[in-house]
Amino acid sequence: MKNMLILIFFGVILSATPAKAQSFENFDILSYIPPHSWVRETGNSFISYTKIDMPANQYSRILLYASQCSSGNLEQDFRVEWDELVLPHYHPGDFTQQSVSPFKEGWIAKIGVAPFKYSDQNQAVILVTLSNNLIKLSYVFISNTTVHQKEFEDFGSSLAFGNSQSGSNQVNQVQNEKSSNINPPTAQVNQQTNSTPARNTGFTFTTSNFDDGWSSTIQNDWVLVEKNNARVYLFYAIPYNSDNFTGTGVMDRDYYWDNYVAPQFKITVKQYNDEGEFVSSLKPKYVEGRGTDLQTGETRFIAMTLSVSPNSAQITVASFPDEVKFRQAFPNANGKFSSDLTEMSRYNKFAIESNDLLGTWQNGGSQMTQWYDAVTGAYAGATLAASSATFSFNSGGIYSSIHNGATGAVGAMNTFQQEYKGSFSVTNWSVTATNRYQSKTENFDAHFQAVKGGRLLYLNDNKGGNYLLVKTK
C-alpha cells in the first residue's frame with residue numbers, strides 16, 4: 001500500500017501525456033477521457049467511475065465533482081474540499097503525501113494522499129483540487145489495489161478545460177458568470193410575510209415563500225418546508241460523536257433515524273436504498289420507510305438523509321403522502337455523495353428587517369497544514385491561515401467592521417487588519433454599506449438562517465467577501 005500511495009501521488013499530475021484516438025466526455029467545465037469499462041454513475045453535482053473485481057476483492061473509484069467558486073487561496077480550497085469530500089466518508093489517517101504543482105492553462109493543483117482502513121484492509125484516498133483563483137474543482141480516487149493506478153493517471157492527464165467542441169470560450173464564459181456572482185441564490189423568494197411567528201424568535205420574519213411553490217416556517221427543532229401535501233423537515237444541528245460509531249457496530253444513519261425520526265412518526269417499515277453498495281463506509285447516509293404522522297394521523301412515506309461535519313449532524317427528513325410522489329420530487333435522495341433531499345437546506349432562508357440587524361455579528365476560523373519531508377518523513381513545519389470579521393450595526397444607520405487575518409509559516413506569519421466605518425441601509429434581502437474598500441459603496445446579498453434558539457447572518461458582496469456570522473451582543 002505504501003508503494004501504491006507514492007506511485008499514484010507522483011503520477012497524477014506529472015504523467016501529462018494525453019491519450020489519443022479516444023472519445024472525450026464532458027462534465028461541468030471539463031472534458032476528459034473516461035476509464036474504459038468502468039461503471040459510470042451521475043448525481044446532481046458529481047460523476048463517478050467504479051471498477052470492481054469481486055473474485056480478487058479489488059476495487060477502485062474516481063469521483064469528479066462540479067466546479068465551485070474559489071476562495072482565491074488554493075490551500076483553503078483544498079482544506080474545504082478535504083473536510084467535505086474525504087473526511088466524513090473515509091475517516092483517513094494523516095497525510096502521507098502533499099504537493100502543489102502547476103497543472104494546465106494557469107490552473108494549480110494540490111494533491112493530498114492518506115490511508116484508511118475498511119474491514120482491516122488497507123485502502124488509499126487521494127484528493128486533487130484544482131484552482132485558478134476564480135474557480136475550484138476536485139476529484140477523488142479511492143482504491144485498495146495498485147492495479148488501476150495507470151487508469152487513474154490517464155484520467156487525470158486527459159482533463160481539459162472546456163469541452164471538445166467549444167474549447168476555452170466556454171470556460172471563460174463560466175468563469176465570468178461565477179466571478180460576477182460568487183454564490184447565486186438557489187431558491188428565489190417571491191413573497192415575505194410578517195405573519196404571526198411560528199415560534200417566538202424575537203425576529204420579524206418567520207416565514208418565506210419561494211417562487212417554486214415551497215414555503216419555509218421556523219419551528220422549535222427544525223425549519224418546516226412545505227408544498228401542497230409534501231413536507232421537509234430541516235433539523236437544526238445535533239451533536240455528533242464519531243466514537244459512538246467507530247468499532248461499535250452501530251451505523252450513524254440508524255442511530256439518528258431511530259432516535260430522531262422514529263419518535264416523530266409511528267414507523268411500520270424501515271428500509272435502505274444502497275443500490276448494491278457492499279463497502280459500509282460508502283453506503284449513503286440514507287434511510288427510508290413508512291409510518292404514521294403522530295400529529296395528523298396520516299400514513300406517510302418517510303425518508304432521511306444525514307450530513308456530518310466535525311462535531312455536529314444535520315438531518316433532513318421528507319414526509320410525502322406516497323412513495324411515487326417522493327421519488328418524483330427527489331430522484332437522487334439516496335445519492336452517496338450528493339443528495340437532492342439534503343440540498344433542501346437552501347430553503348433555510350429568511351428576510352431581514354433593520355431592527356433585527358442591530359448589534360455585533362462575528363465569524364472566524366483557522367486552518368493549519370503540517371508538512372513532512374517526502375523522502376525522510378521528517379517534520380518540515382506548518383503553515384496557518386486564519387481570519388475573522390466583525391460587523392457592528394447601530395441605530396441611526398451607522399456601521400463599522402473589522403477584518404483580521406494571518407497567513408504563512410508558523411513563527412513567521414503575515415498579518416493584516418482592515419477597518420471600515422460608514423452608513424448602512426437594509427431591504428429584505430440586501431444590506432448596502434458605504435465607505436468600504438477604496439471608499440466604495442458595496443451591496444451585500446443578505447438573509448438569516450435559522451438555528452436552535454437564534455439566527456445566523458449571511459452576507460455576500462459577490463466579490464469574494466462571503467460571511468456567515470453569529471450575533472455576539
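Bear in mind that the values in this text are calculations on the coordinates, not laboratory data. From a predicted model like this one, the values you see are computed outputs, not experimental measurements. Counting neighbours? That spans all protein chains shown, and the Cβs are built from the backbone with ideal geometry, glycine included.
With 21 Å as the limit, the listed pairs 104/136; 270/452; 285/471; 452/473 have 270/452; 285/471 beyond it between alpha carbons. Note on the stretch 192-347: dipole from Cβ charges, positive end direction compared against 339, 267, 316; the farthest Cα belongs to 267. Here residue 432 and residue 328 are evaluated by their C-beta separation; at R0 = 45 Å the FRET efficiency comes out at 0.65.
Taking Cβ atoms as reference points and 12 Å as the exclusive limit, the residues near residue 37 contribute a net charge of 0, counting Lys and Arg as +1 and Asp and Glu as -1.
What would the Debye equation give as log₁₀ I(q)/I(0) for the stretch 192-347 at q = 0.15, 0.20 Å⁻¹, counting only Cα atoms as equal point scatterers? So the normalised log intensities are -0.83, -1.39. With the charge dipole of the stretch 192-347 set up from +1 on Lys and Arg Cβ and -1 on Asp and Glu Cβ about the Cα centre, the Cα lying farthest toward the positive end among the listed residues 282, 306, 214 is that of 214.
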